[in-house]
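Inspection log for the structure reproduced underneath, given as structure tokens.
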């Protein structure tokens with residue numbers, strides 16, 4: 001409707017803010033499933049990977065420089081969703097914790113460990129045993145030889161946070177908290193870039 005490269009469209013400036021949602025496909029089953037950024041390209045023999053499952057990200061990226069449509073998303077290779085990115089920028093900011101979250105104490109402890117720069121193996125002991133996603137996080141983060149300890153710490157917190165929130169409820173609770181108190185929440189770059197671009 002708005003793509004000015006097409007005929008009979010509305011030439012209006014559009015900023016698309018979307019998630020990368022990386023995924024991997026088991027070469028034996030042939031089906032893509034969501035994955036964490038720290039799982040990308042870790043096991044090339046078993047999986048095929050996509051750093052983004054959203055075709056809009058590439059089609060309307062800032063690199064492609066479309067005249068009126070621009071897509072803004074997390075950095076390729078380290079991003080996943082808005083909630084994930086928000087924690088990467090605020091990995092020790094407890095204002096992002098809400099009463100409706102599951103695993104609240106576990107995430108508080110992970111945030112504290114991240115802030116104190118605890119070793120990765122100590123952080124992994126905070127993740128509750130027997131939880132399938134926790135086991136996946138533990139295995140995958142250890143397998144990633146490319147990332148440094150600080151990056152891994154933040155991604156452990158982000159992965160656990162993402163698995164513990166109901167997106168709509170969590171967003172509402174955080175917005176209510178922010179109305180009552182001042183906070184030093186860091187807004188992810190791609191959100192700031194989208195606002196700056198659309199306002200130009």
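Defining a contact as two alpha carbons under 8 Å apart and six or more residues distant in sequence, what relative contact order in percent does the stretch 1-94 show?
On the way: 153 pairs, mean separation 29.8, N = 94.
Relative contact order comes out at 32 percent.
To test your reading of the geometry: what angle, between 0 and 90 degrees and rounded to tens, separates the Cα axis of helix 104-115 from the longest principal axis of the chain?
With rounding to tens, the tilt is 90 degrees.
Averaging sequence separations of C-alpha pairs under 8 Å and six or more residues apart, then dividing by the length of the chain, give the relative contact order as a whole percent.
Working: 278 pairs, mean separation 47.3, N = 200.
With pairs under 8 Å counted, the relative contact order is 24 percent.
Which one, [x] 13.7; [y] 19.0; [z] 11.3, gives mean projected area of the Cα convex hull in nm² as derived from the coordinates shown?
Answer label, from the structure shown: [x].
What FRET efficiency do you get for residue 7 and residue 61 if R0 is 22 Å and r is their Cβ-Cβ distance, rounded to the nearest 0.05? All intermediate terms of the calculation are to be shown ahead of the outcome.
Values: r = 23 Å, r/R0 = 1.06.
About 0.40, to the nearest 0.05.
Laboratory data are not the source of any read-out in this text; all were calculated from the coordinates shown. Only a predicted model underlies this, so the values are computations on that prediction, with no experimental measurement involved. Every residue, glycine among them, receives a Cβ derived from its backbone with ideal geometry; neighbour counts consider all protein chains shown.
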